[in-house]
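All of the numbers you see were taken from the coordinates with simple rules; none came from a lab. In this text, all values refer to a predicted model and were calculated from it rather than measured experimentally. Neighbour counts are summed over all protein chains in view; Cβ atoms, including those assigned to glycine, are modelled from backbone coordinates with ideal geometry.
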Amino acid sequence: MSNQDYISRTPPKKKKNNPYRKKPKTSAVPKSNIKTIFISLLILILIAGFVAGLWMLKTNPTTKTPIEAKQTTQTSKVEKALPKPPEEKWVYVDGLKTKVVEGGKYEVKSKGPYKMQCGSFKTRRQAESLKARMAFVGIESKIQTAQGKHNMWYKVVLGPYARKRIAEQNKHKLRNNKINGCQIWLWK
């Protein structure tokens, strides 16, 4: 394939469909301008008609009468046309007016103190590390030991809590600081 130099090539001669040739300007108004002028005139006429209609309503003497006088005459006619309400067949409505509700004596029983365990580790070093992370959050924890079948377990425990709601608050505080896996149990 041969190399062609498109830059130094002379432009084609004047043809009817030449994209490089400038088109002559027409002196007539384009159709799009005629449409916009027509639409804007139409909008102005509609706005002027709306304003004129509002002015006529404002100055018309028939619209000056008070509305209250019309309503009073209509309500008296409606009251005369209504029938008497039917008598009630049920007696429970009257019974409800004189009914006395007795409040029960309920006792809220506390299940007991709660504890929260946040980890159980085979080495004391891991338990101390979690306890230090909790201390940075502002929560004091304890390490308890438990004997398993083959070795000793170190549990990181918080509590005792009098109510479960307080334990839940600390659990959410720890979760917000990326300490997950805490469980709340009854204190044993």
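Which shape class, rounded, prolate or oblate, goes with the stretch 114-186 when its Cα gyration tensor gives a ≥ b ≥ c as root eigenvalues, a/c under 1.5 marks rounded, and past that a/b bigger than b/c marks prolate? Cα axes put the stretch 114-186 in the oblate bin. Residues V157, V100, arranged from fewest to most other Cβ atoms within 10 angstrom of their Cβ, appear as V100, V157. On the beta carbon distance between I143 and K188, with R0 = 22 Å, the FRET formula returns roughly 0.85. Under the simplified labelling scheme, the M56-H150 pair shows an inter-label distance of 10.1 nm, with each label point 7 Å from Cα along Cα→Cβ. Cross-link pairs exceeding 20 Å between alpha carbons, from the set K111/K155; K111/K178; K149/K178; K115/K188: K111/K155; K111/K178; K149/K178.
Ranked by how many other Cβ atoms sit within 10 Å of their own Cβ, fewest first, the residues S120, S129, S32, S141 fall in the order S32, S129, S120, S141.
One chain, two ends: I45 and R175. Fully extended at 0.36 nm per residue, the span grows by 40.0 nm beyond their Cα-Cα distance.
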